[in-house]
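*Asks:* Structure incoming, see below.
Only the coordinates and a few stated rules stand behind these numbers; no lab work does. The model shown is predicted, which means the values in this text are computed figures rather than measured ones. Methodologically, a virtual Cβ is constructed for each residue, glycine included, from the backbone with ideal geometry; neighbour enumeration extends over all protein chains shown.
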Amino acid sequence: MSPNPEPTFRRYSEATVPTEYGTFRFVVYREADSPFEHVAIVRGEVRGASDVLVRVHSECMTGEVFHSLKCDCREQLDLAMRRIAEEKAGVICYLRQEGRGIGLGNKIKAYALQQQGYDTVDANRKLGFGDDLRDYKAAAFMLRDLGIESVRVMTNNPLKVDALRRDGVLVTSRVEHFAGYHPHNQEYLETKRRRMGHLYDLGDEEARPALASGGELD
C-alpha cells in the first residue's frame with residue numbers, strides 16, 4: 001500500500017481586516033480534498049524577516065465563539081494578537097483542527113466524560129483517540145508562502161515546537177504564552193502541564209486573572 005500523500009495547500013484569498021488590536025491582513029488557505037480553510041493573520045511586513053513572532057493556534061469554537069470557561073484558548077488567541085500588535089509585526093496561523101484534532105462533536109463527548117470524572121487526556125482515550133491528533137503542516141506551508149525566514153513561537157507546548165521543526169520551520173526560540181487561569185479551567189491546565197508536558201506554573205497567584213468583563217464564576 002502506498003503511503004498517504006502529503007496534504008497540499010494553496011493561497012485562496014486575502015484582505016485587510018480592522019480588529020480591536022489594529023488592522024491585520026487575513027490570508028486564507030484552502031486544503032486539497034478537505035472542507036477546511038486555514039487563516040494566516042498577519043501584521044506588518046514579514047516577507048524575508050527573521051525571528052518573526054508567531055502563534056500557531058488551533059480552532060476552539062466553544063472557547064472563542066461561545067466563551068466557554070473550560071479552557072484558555074480564547075485568552076491565548078487574544079494575548080497573541082495583543083503581543084503581535086505591540087511588536088507591530090507577526091503572524092497567527094489559525095488552523096481548523098477543533099478539539100486537538102478530534103472535531104467539535106467528539107470534543108463535546110469528551111466534555112461529557114470529564115463531567116463523569118475523566119481528565120482531558122483520559123476522556124480522549126476513552127473515545128478511542130490519541131492525546132493530541134493535531135499536525136502543523138498547514139502552518140509550515142503558510143510560513144513558507146509568506147516568505148518568513150525564522151520564527152519565535154508563542155507556546156507553552158514544547159511538542160508543538162518539535163513538530164514545527166520536523167515540518168521544516170526554523171524555530172529560533174519558544175516564547176512563553178501563559179494567559180492565566182481561573183477555577184473553571186485550572187484542572188484542565190494542570191492536566192496539560194502534568195500529563196502533556198506544557199510549561200507553566202499554576203502556583204503563581206499573579207498568573208490568575210479576573211474573567212473578562214461580564215463574566216462570572218459559579
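*Asks:* In µm²/s, what is D for the chain at 25 °C and 0.890 mPa s, where D = kT/(6 pi eta Rh) by Stokes-Einstein and Rh is the Kirkwood radius from Cα pairs?
*Replies:* Rounded, D is 135 µm²/s.
*Asks:* Please give the charge dipole size of the chain, origin at the Cα centre, charges +1 on K and R Cβ atoms and -1 on D and E Cβ atoms. Round to the nearest 20 debye. It would help to have the intermediate numbers written out before the result.
*Replies:* Working: 31 positive and 34 negative charges, 123 e Å.
Its charge dipole is roughly 580 debye.
*Asks:* For the chain: lysine pairs with Cα atoms under 16 Å, gap of 8 or more or different chains, count? Working shown, then result.
*Replies:* Numbers: 70/107; 70/109; 70/192; 107/126; 107/192; 109/126; 137/160; 160/192.
Going through the chain pair by pair, I get 8.
*Asks:* DSSP beta bridges in the chain, what fraction antiparallel, as a percent rounded to 5?
*Replies:* Details: 21 of 33 bridges.
If we restrict to bridges inside the chain, about 65 percent are antiparallel.
*Asks:* Dividing the Cα radius of gyration by the Kirkwood radius, what Rg/Rh value follows for segment 1-108? Before the final figure, lay out the partial values.
*Replies:* On the way: Rg = 15.3 Å, Rh = 15.2 Å.
Result for segment 1-108 is an Rg/Rh of 1.00.
*Asks:* Mark the label point 7 Å from the Cα of residue 108 along Cα→Cβ and return the residues of segment 58-95 whose backbone N is within less than 16 Å of it.
*Replies:* 60-70, by backbone N distance to the label point.
*Asks:* In bins 10 Å wide, starting from 0, what share of all Cα pairs of segment 63-192 does each bin hold, as a percent?
*Replies:* Values per bin, smallest distances first: 11, 39, 36, 13, 1.
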